[in-house]
Each structure stands twice: as C-alpha cells, then as structure tokens.
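Enquirer: What follows is a single structure, and I will ask about it in a moment.
The values are calculated or read from the model by the stated rules, or taken from the named source; none is laboratory data. These numbers come from a predicted model, not from an experiment. Virtual Cβ from ideal backbone geometry, glycine too; neighbours counted across all protein chains shown. Accessible surface is based on the protein model in full, side chains and every heavy atom, while ligands, DNA and RNA are left aside. Shrake-Rupley method; radii C 1.70, N 1.55, O 1.52, S 1.80 Å.
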Amino acid sequence: MGKHQTIALEIDGMTCAGCVARAEKAISAVAGVDKAEVNLATRGGKVILAENAGADTLRAVSGALRAAGYPAVPHRQRLQIKGMSCATCVAKVETALLSVPGVQAATVNLADATAAVTTLADNTNDLIAAVKAAGYGAEPLASGERPVDHAAEESAALRRRLIWAAALTLPVFVLEMGGHLFPAFHHWLAMTLGTQQSWLIQFALATVVMAFPGRAFFVKGVPALLRAAPDMNSLVALGTSAAWGFSTVATFAPSVLPAGTAAVYFEAAAVIITLILLGRLLEARAKGRTGAAIKRLVGLRPATALVERDGAAVETPVEEIRRGDMIQIRAGERIAVDGVLREGTSWVDESMITGEPVPVEKTKGALLVGGTVNGNGALRMRATAVGSDTMLARIIDMVQEAQSARLPVQDLVNKITVWFVPAIMGIAVVTVGLWLAFGPAPALPYALVAGVAVLIIACPCAMGLATPTSIMVGTGRAAEIGVLFRQGDALQGLQAVQTVAFDKTGTLTEGRPDLTDIRVLGAMTADELLATTAALEALSEHPIGGAILRAAKAKSLPLPPVNGLETIPGHGLRGHIGGAEVLVGAARLMDRQGIDAAEARQIADEFAARGRTPVVVAVAGRIAGVLGVADRIKPEARAAIAALHARGLRTAMITGDTQATAKAVAADLGIDQVLAEVLPEGKVAAIRQLQQNGRVAFVGDGINDAPALAAADVGIAIGTGTDVAVESAQVVLMSGDPSGVVNAIEISRRTLANIRENLVWAFGYNVILVPVAAGALYPVWGTMLSPALAAGAMAVSSVLVVSNALRLRFVAPVLRKEARA
C-alpha cells in the first residue's frame, strides 16, 4: 500500500482486561501488522498496518480474532455502480473492491448496477475511490435504499443517440451497399456522383456517427485499453476504428495500400455502432423490467396516513409516523405501517404480502401489516412498527439481499470473463495474420473484414447478464407469491433437495387443538355433554380444555356451575354439578374410580388411531360420552404433500407426538417417513438421519425449530412463526400455508433452469459464432460474415438473455387458494 494505514475494527465478545490482551495478541501475531490497540469500553480496535501489507492482511486479522474467540463485527455496505456494460466490468469492479483493506467479500450485480460489500471497517470512501480508479463511478446506498433507477433516463438517451446514428448511417449504407443490391444504381452513382465523391460523403457521415452517437464506446473503451483492462466498449472501439481507419486510408491515400486492395468499409463502422446502440436500447428497456417486483413492493407504501394529533386526524407523511401513534384507516385505503387494530372490523387484502388472494377478517387485537389494503370498514390502529422495522421494509431488504447474491456458477463465469476480452483480441490478431498469410488475393480486405467481425461479434454482456437477471426476476416473482429467499444461494440449494421434512405443529397443523368429535354414550344430548365438560374445563388451563371451552362458546351454550373442582394429576378433573359427580379425563381415570369404561375405551382407541386425543366423561358413576380433540390439519397440507410427491420428492414429518398420533397424521397426509417422539433438542439429529439419504429441506415455525432449520441443507420458515425461526431460515413463506413450499421449489427449479438456458446461449453463441466471424465457413462455402451482421448478432445476444429471464415473471403458483379450498 506504500504507507502505514490505520484501520478501526469493532470487536465482539470481550468482557474483561484479559480479553483485551488476548485480542491484541491475536492481532499482533498476524504478518503485516505493525501495532494493535484494543479498547474494552468502545469494543473497538485499531490496527496499524505495515507498508507492505496487502488487502489479505485484514482478512488474516479477522481469522485470528475469530480463532481467539473475539470475532470482528462485519459491516454490510451497498454501492450503486455507474458505467458497467458487460461481465468484464463486473470482474474489474469486484477486483477493485476486494483490493481495499478490510473487505471480506464483494458481489457486483450487472443487472441492477449495485455492489454488496462486506467490510471490517467503515471505509466507504476507500471503496468509492477504488471503484473510480478502476474507471467506474460509485455512490453509497443506505440500508433499504433502492438504487436510483436510471432505466428511463438511459433509454431516452440511447433512443436519441440511436435516432441520430440511424439517420446518418442510412445514406452511408445506401451509397455503399445499394450498388451491390442493384447494379443499375451502382452505374448511375458512378456516372453522376463518382466513386471518390461517394467515399468522401461516407467518410464525413461515418465520422460523425463515431464522434457523436458512438462517442461513449471510445470514451470508455480507449481508457480501458490504456489500463490494460479492455472491456466490451474496447472491442467496439477497436473494430469500428479498424474499419474506419482502413477506409480513410483508402479514401485519402490509396497509394499506401497494396495494389487492388483499396476499398471502403465506412458502412460497416456506422452500421456496427447503430446496431449496437439498438441492442443496448432494447437491453436497457428489458433490464428495467427485471426489478419490477421490487418497484411494486416499494410502491405499496402510501405517502401519507391519517394520524391523530391533539385530538384531530391529521394527514401526515408516513416518514413522520412514530411507534404508538393512533392511525385512522378509511375504507379502501392502504395501511401505512404495521400496527394493532384497536377499533372497528373489516376484511383486509393481504395478497401483496402473502400471495394469498382471499381477504382476511380483522377484529380488535388483530395485527395489521403496512402495504395491505383495507376493505369496506373504518379502522383505528396503534402503530407498532414504522420505517425500516415494518414487515414490508424487511421484505424489501430480504429480496434485495437475495437479488445481490451470487450463485456458485457465477464464480466460474467471472473467471472466464476476466480473460474473455483479451482472448478475443488475441483471436482477432491471429485471424488477421492467418488471412494475410493464407487468404486469397487481395488478402488485406479479407483479413480486415474477418478481424473486425471477430471483435464485434464477441459478447461478454450476455455472459454477465445470464445469472443476475434470472436471480432478480426469479426472487422478485417469488416475493409476489409469498416466498422470500433470504439468501440467494438458497435458490440453487432448494432445487437440489431430495427430501422435504416438516415439523408438525403449526406447520402441517393449525397449531392449536380443536374439538373434532362428540360421541354420546348416556342419556345426555351432545350439547349437554359439551356444556358439562366445558364447565369443568373452564377452570382448567390445559390446552385441550381450552379447545372444549371454545367449542361450547361457539355454540353459545350456558355452562352449569361447578362445585369442588379437583385436579387429579396425570388423569383429569373431578367436580360436582347439580349434586352429581362429574369426571373428565383419560380412560384410566375411569378405571381408577371403578367405572366400567370398556365401550369408552374402544372409542378412545378409535380416536387415537385417527390422531385425536380422547376425553372421557362420566356423570354420577356412569360413562356419559367421549370427546375427541385434535390439532386440525391445515386444509392446504394434503395438496402440498401430493404436489411434492408429483415432483419426485420424499416427505418426512418430525414431531414430539406419540407414534400412534404421528402415524395417523402422516397416513392422512400421505407422508413417506415419520420421526415421532422427537424432543426439541433431538430435531437436529433427526435432520442428520434424513441427510444420510440426500439433501434435506426442513420446514418449521417455532423457536425449537431454529437449530433444525440451520442444520438442514435449506431451512424454510413459516412466516407466521417466531422471529427466531425466521432468522434461522434461508427461505421464508409469508403465509402459514405449507403449499408455499411447493411454490418455493417450483420457483427455484424454474430459475435455475432459466440460468442454465442463459448460460448455454451466452457461451454457445460465442463458441459457435466467433469461429464463423473469423472465416471458418469460407473454405466450405466461400462466404464470410459481414461486420454489420456480426454487430446485429451481438446486439441480439444480450437482449435474448434478458428477455428469457423475464419469462420468470409469469411463473404461476403451483397451488392456488381456490383450488385448495
């Protein structure tokens, strides 16, 4: 680096002076560190680097601190990058960022022109300086901030340049190529205007095309050449300059050229620039649609809301809303922030968040999510989350994070593209040499046409766009149907899983028990039996009792008074109603009390076999009936399991329930494998057991699912679950619907297939057409590829890649709500 540099770090895990000493010792032991100072009060450290220290030194410092138990806290920064046009640009910007001390990782996305950088220090200015030194522009982006959308501005500028280029190129093309198409026109032109005069007009028009509409290729391409880091613009600049330069010599100094070789290719230079501008215009418009999902999410947040201030409802900018504010929501309005409903009832359309088209009923105490649409009721809510803490803001952050990710396949692409442009330049030089040595006379024009065609037809743009555009569109579409990829590499991991394992409670089931069966065995009616049972359970706190009490309340049944309630641990409840003893509990409670429960036991065994928990009721020493309570299976679960099987996936269920209950639920759903009676701490071992037969995705929703979500190859959290589960997962399903798993896998498979299609096209295009441009077909058919056609092919190449990625916008949910209902 040429001088001593001081880097400030944030260090975690220090609690005492001994920790400080150990952290300083770990840092000082790293080669390239002159001095280390650690401060316990600020939890910070200063590292003074030696003059010969490189960017790897701080990475070694980070590793040393982590090994010592005091990890350096990484900082996530985002930059908007300006001036990138191809995969070579991406590689150069990443290399520049990684060369900055303290940078641990850098990922550049060509599709949305952003860079995600993980650093150990707050060194934004150093990052921007490094990018500028590489020949590009950079601006910092705050957390959650969208990069400035220059698509419309860029498209408008390209359209103006294209119109000028086309208007100036058309006469050049007609003057030079018209005679080839219509010999009579050639003779007329020679007799009236003259060849030399025609060449002078073509020179003037082509020069203007290159100097003005085509200026950007030279402004960016020539400096890149001088830095020995050529890019796509460099290829265009070299190709058009070669055609224009040869033609200029032929026009003004033909005697310099070998006899019979004087010819002009001004139309090639002008047409190349015009067609490439056309391609970039189409590409810019298509790329502008790749981020449409994020734009729609951002557009869900209203600009203002009716906030109560000093007893009056005031139209307030959403940025000024604070936690605790009371907000009034009129019928049909979009909800501004997250909150709790305090007054009113309504149906709320949450489809933009969960992907579910059916509105959800909201009553007092219900959670309201910013960005959703109120129905026909007036509501009053208290704000609980505002700004970047709202669910909508977190969703946008997650989608942006996923879209910035680079899949492993992109690393191979980047390694190739670093050498791609220099390799093409080398191929062009070899092509010219071979044509000069072995081509037919006059060899020079053939060599020029072949060399220019090689430079122009090569397209690193398509390779650079192949992966990021598919990721952007795929993850954006996933968000629209309620699937959030928190980590981009989960896209690649999910399509390769072989087994999908589910937690039962809250994932496949509703997560709370409900009354499912009433079997009367005595003189009571079903309602009398339910009211009697609920009267005792009303004084209990057991979840099963709560299910029976809810069922009684739902029927508005009056509950008789209970005297002398007694809990019998492990058995049930005993009390008196109207002077008669009432027993509620397991069949063993009846055995203990000497009551004949043979018929009740048969019913209880039947209920248990169907996954129900039996509750036996006796009144005055005689069996009155049996109630069945179960955690109801979600209505979408069966269709989800069937859809997974249809895609060749195995399914498993991991639960703490008994074998009988678990097998009953699994049989009802058609699940292949059951791991029952698994304690919370045993779920990781269960995942490891399943992983012996291939990659596993685990779907859960609770705090005790977090370790299993982290241990699985892909962790999928139900968005209605706990924050701990969501944070441990790589994929989040915004609704509580297990069919979202199928949608996530479908999006993953379709996106990866789309990426493969793009890469096959991007690489296959270059592998096939570069030799064609070099003249590979001439020995067979005697034809050569015109540089103008090469420019057209190159322009179409990247447009096809982006257009193919845009097809992912139309991926439909596999299971629609209407079909599951």
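Enquirer: Quick one: compute the contact order of the stretch 592-718, relative version, from alpha carbon pairs under 8 angstrom and 6+ residues apart, as a percent. Don't skip to the answer; put the middle values down first.
Expert: On the way: 172 pairs, mean separation 20.4, N = 127.
Once divided by the residue count of the stretch 592-718, the mean separation gives 16 percent.
Enquirer: Filter the GluC sites (Glu not before Pro) in the stretch 1-79 down to the DSSP loop ones having no more than 11 other Cβ atoms within 10 Å, then list what survives. Mind dumping the intermediate values first?
Expert: Numbers: sites: Glu10, Glu24, Glu37, Glu51; in loops: Glu51.
The qualifying sites are Glu51.
Enquirer: Between the DSSP loop rule and a limit of at most 15 other Cβ atoms within 10 Å, which trypsin sites (Lys or Arg not before Pro) in the stretch 296-332 are left? Working shown, then result.
Expert: Working: sites: Arg296, Arg309, Arg322, Arg323, Arg330; in loops: Arg322, Arg323, Arg330.
Filter output for the stretch 296-332: Arg322, Arg323, Arg330.
Enquirer: Using a 1.4 Å probe, how large is the accessible area of Leu282, given in Å² and rounded to the nearest 10?
Expert: About 80 Å², rounded to the nearest 10.
Enquirer: What 222 nm value per residue comes from the helices of the chain, counting each DSSP H run with n ≥ 4 as -39,500 (n - 2.57) and dividing by all residues, nearest 500 deg cm²/dmol? Please list the in-between numbers first.
Expert: Numbers: 30 runs with 409 residues, N = 821.
Taken over the chain, the calculation gives -16000 deg cm²/dmol.
Enquirer: Suppose each label sits 7 Å from its Cα in the direction of the beta carbon; what would the Arg749-Leu777 distance come out to in nanometres?
Expert: Using points 7 Å along Cα→Cβ, the separation is 3.8 nm.
Enquirer: Stretched out fully, how many nm does the piece from Ala685 to Phe438 gain, at 0.36 nm a residue minus the Cα gap? Please list the in-between numbers first.
Expert: On the way: separation 247, 0.36 × 247 = 88.92 nm, distance 6.94 nm.
Full extension from Ala685 to Phe438 adds 82.0 nm.
Enquirer: Sticking with this structure for a sec: Using only the alpha-carbon atoms of the chain, report the extent along each of the three principal axes, biggest first, to the nearest angstrom.
Expert: 126, 71, 64
Enquirer: Any chance you could run the full-extension gain for Trp419 through Arg588? It's 0.36 nm times the residue separation minus the Cα-Cα distance, nm to one decimal. Walk me through the numbers on the way to the answer.
Expert: Numbers: separation 169, 0.36 × 169 = 60.84 nm, distance 7.78 nm.
Length gained between Trp419 and Arg588: 53.1 nm.
Enquirer: Of Phe266, Phe212, which has the most accessible area and how do the rest follow, probe 1.4 Å? Display every interim value, and only then the final one.
Expert: On the way: Phe266 0, Phe212 145 Å².
Largest accessible area first, the list is Phe212, Phe266.
Enquirer: Something else now. Of all accessible surface on the stretch 453-499 at a 1.4 Å probe, what whole percent is carbon and sulfur? Please list the in-between numbers first.
Expert: Numbers: 230 of 660 Å².
On the stretch 453-499, the fraction of accessible area on carbon and sulfur atoms equals 35 percent.
Enquirer: Let me ask something else about it. On a 1.4 Å probe surface of the protein chains, which of Thr88, Thr95 comes out largest in accessible area, and what is the full order?
Expert: Numbers: Thr88 5, Thr95 90 Å².
The ordering from most to least exposed comes out as Thr95, Thr88.
Enquirer: Using a 1.4 Å probe over the heavy atoms of the protein chains, calculate the carbon and sulfur portion of the accessible area of the stretch 548-599 as a whole percent. Walk me through the intermediate numbers first.
Expert: Numbers: 1500 of 2880 Å².
That share works out to 52 percent.
Enquirer: If the chain between Leu412 and Arg809 were fully stretched, how many nm would it gain, using 0.36 nm times the residue separation less the Cα-Cα distance?
Expert: Numbers: separation 397, 0.36 × 397 = 142.92 nm, distance 2.63 nm.
Full-extension gain reported as 140.3 nm.
Enquirer: Report the label-to-label distance for Ala580 and Ile201 in nanometres (one decimal), using points 7 Å from each Cα along the Cα→Cβ vector.
Expert: Label-label distance for Ala580 and Ile201, simple model: 11.2 nm.
Enquirer: Tell me, what ³J(HN,Hα) does each residue in the stretch 40-47 have, in order and in whole Hz, if you take phi through Karplus 6.51 cos²θ - 1.76 cosθ + 1.60 with θ = phi - 60° and put x for Gly and Pro?
Expert: Result, rounded to whole Hz: 5, 5, 8, 6, x, x, 10, 10.
Enquirer: What FRET efficiency comes out for the pair Leu193/Phe252, r = Cβ-Cβ distance, R0 = 25 Å, nearest 0.05?
Expert: Values: r = 18 Å, r/R0 = 0.71.
With R0 = 25 Å, the Cβ-Cβ based efficiency is 0.90.
Enquirer: Take Arg159 and Thr304, extend 7 Å from each Cα along the Cα→Cβ direction, and tell me the distance between the two endpoints in nm.
Expert: Between Arg159 and Thr304, the simple spin-label model gives 3.2 nm.
Enquirer: If you don't mind, another one. Can you give the direction-averaged projected area of the convex hull of the alpha-carbon atoms in the stretch 1-110, in nm²? Before the final figure, lay out each step's value.
Expert: Details: hull surface 30.1 nm².
Mean projected area of the Cα convex hull: 7.5 nm².
Enquirer: Keeping every protein chain present and rolling a 1.4 Å probe, give me the accessible area per residue for the chain in Å². Before the final figure, lay out the partial values.
Expert: Details: 34960 Å² over 821 residues.
Using a 1.4 Å probe on heavy atoms only, each residue of the chain averages 43 Å².
Enquirer: Pull out a ≥ b ≥ c, the square roots of the eigenvalues of the alpha-carbon gyration tensor of the stretch 387-441, then state rounded if a/c is under 1.5, prolate if not and a/b is larger than b/c, and oblate in the remaining case.
Expert: Values: a/c = 7.44, a/b = 4.79, b/c = 1.55.
Note, shape of the stretch 387-441 comes out prolate.
Enquirer: A 18 angstrom limit on the alpha carbon distance is what I want to check against. Which of Lys92/Lys132; Lys92/Lys220; Lys362/Lys553; Lys553/Lys634; Lys362/Lys504 exceed it? Mind showing how you got there, number by number?
Expert: Numbers: Lys92/Lys132 11 Å; Lys92/Lys220 14 Å; Lys362/Lys553 20 Å; Lys553/Lys634 22 Å; Lys362/Lys504 26 Å.
Where the Cα-Cα span goes over 18 Å, the pairs concerned are Lys362/Lys553; Lys553/Lys634; Lys362/Lys504.
Enquirer: Provide the FRET efficiency to the nearest 0.05 for the Glu361-Thr15 pair, computing r from the beta carbons and using R0 = 45 Å.
Expert: Working: r = 50 Å, r/R0 = 1.11.
Calculated transfer efficiency: 0.35.
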